[in-house]
Amino acid sequence: MPATLHEHTLFDGGPVWGAVHHLGPDIAPHAHDFLEIAVIGTGYGRHTTSQGERPLRHGEVIVLRPGAWHGFRDCTGLTVANCCLSTQAPRAELAALYDIPMLRRMLWTDPVASGTHGVAVTTVDPAAAEEAIAEIGLLERDLGADPGRPGRVLGRLVTVLGILADGRSPAQATHESAIHPAVATTVARLEAAPADPWRLDDLARTVNLDPAYLGRLFGRYVGVTPLGFLARVRAERAATLLAHSALPVAQVGAAVGWDDPTYFARRFRTLVGLTPTEYRRRSRSGAHIQPGAPATPAGNENHAVRTDDLIRR
């Protein structure tokens with residue numbers, strides 16, 4: 001598992017990374033600054049997040065937004081297959097997936113919803129999980145091909161997502177409609193400039209809607225209010241800055257739109273489950289890189305990464 005890798009290292013060759021791992025015994029809790037999809041196969045283990053610790057089940061699918069953290073304990077022969085996406089990918093190469101209701105719910109809505117700390121867990125049929133794990137194994141092979149196969153890699157990713165979406169139970173597979181244009185426009189605006197001093201009235205005015213109605217639309221399609229979504233985006237950008245930059249914590253908060261250091265620390269902990277200082281420590285921890293994952297050179301956490309580029313991601 002890419003426990004201590006960061007986005008600028010993991011996605012140097014493209015927007016997608018994937019691998020199949022056999023874990024044991026422990027993977028210490030760690031933070032990510034990218035989006036991760038973990039498919040649980042056979043074996044035993046316990047999963048640790050900001051919500052606590054619980055046993056894993058064959059067929060579970062764990063989605064972690066940037067800024068989320070997790071770990072594994074007491075693993076015995078546990079198979080975990082990972083697909084990881086750069087923070088840019090959902091807004092660039094994979095932006096079209098946002099318009100597919102079942103994938104929007106999996107990658108965007110569920111892990112962004114209030115109280116999740118960026119982590120969502122769903123369950124698919126074990127046979128679907130094994131099919132997805134096999135496909136991630138092929139993704140890993142294609143990523144290692146020389147030369148690389150970017151078209152095939154993206155195709156494998158979409159296949160994996162389709163298998164997981166189709167493998168959910170009827171109760172989980174809700175029939176949502178396409179995203180409302182006003183919501184899509186507002187989401188894009190907030191992601192493009194999260195540090196701006198947005199107000200609900202201003203956002204509603206730009207899409208010619210009543211503020212209360214825009215709030216209800218966000219609740220339906222995104223799972224949180226517009227300002228709740230903005231807070232999640234700010235927390236994710238702050239997580240990237242904490243992992244990669246040398247900015248003091250207070251300046252990190254100001255860079256993403258939270259000028260009051262105390263308020264920033266409180267909001268970040270509410271959304272991520274760690275204080276900014278603890279998140280920075282965990283994101284830079286140097287242990288627990290699994291075999292097969294490319295190593296991050298020691299002392300290289302911040303190379304060639306500009307602060308303004310990180311904020312825009």
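The values are calculated or read from the model by the stated rules, or taken from the named source; none is laboratory data. Bear in mind the structure is a predicted one, so any value in this text is a computation, not a measurement. Ideal geometry is used to build each Cβ from the backbone, glycine not excepted, and the neighbour counts take in all protein chains shown.
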*Tell me, please, whether a residue that is part of a helix (DSSP H, G or I) and over 23 Å from ILE27 (Cβ atoms) can be found in segment 81-88.*
no
*Is there any pair with a first residue in segment 73-99 that is free of Cβ contacts under 8 Å to residues at least 60 places away in the same chain and a second that is in a helix (DSSP H, G or I) whose Cβ atoms are under 8 Å apart and which are 6 or more apart or on different chains, and what are they?*
THR79/ILE133; PRO90/LEU97; PRO90/TYR98; PRO90/LEU107; PRO90/TRP108
*Just for segment 257-280: of the residues that are among the polar types (S, T, N, Q) and either in a helix (DSSP H, G or I) or touching a Pro at 6+ places or on another chain (Cβ under 6 Å) (or both), which one is surrounded by the fewest Cβ atoms within 10 Å (Cβ to Cβ)?*
THR262
*Residue list for segment 164-187, filter: at pLDDT 90 or above and out of contact with any helix residue (DSSP H, G or I) (no Cβ under 8 Å at 6 or more places or on another chain)*: PRO181
_segment 117-128, subset closer than 21 Å to ARG104 by Cβ and not β-branched (Val, Ile, Thr), residue nearest to the chain's Cα centre (by Cα)_ = GLY118
_Among the numbered criteria (1) in contact with a helix residue (DSSP H, G or I) (Cβ under 8 Å, 6 or more places away or on another chain); (2) among the aliphatic types (A, V, I, L, M); (3) assigned by TED's automatic domain parsing to the domain that holds ARG104; (4) modelled with pLDDT under 95, which one does VAL160 miss?_
(4)
_Restricting to segment 91-150, count the residues that are assigned to a loop (DSSP other than H, G, I, E, B), under 23 Å from LEU190 (Cβ atoms) and not hydrophobic (A, V, I, L, M, F, W, C)._
6
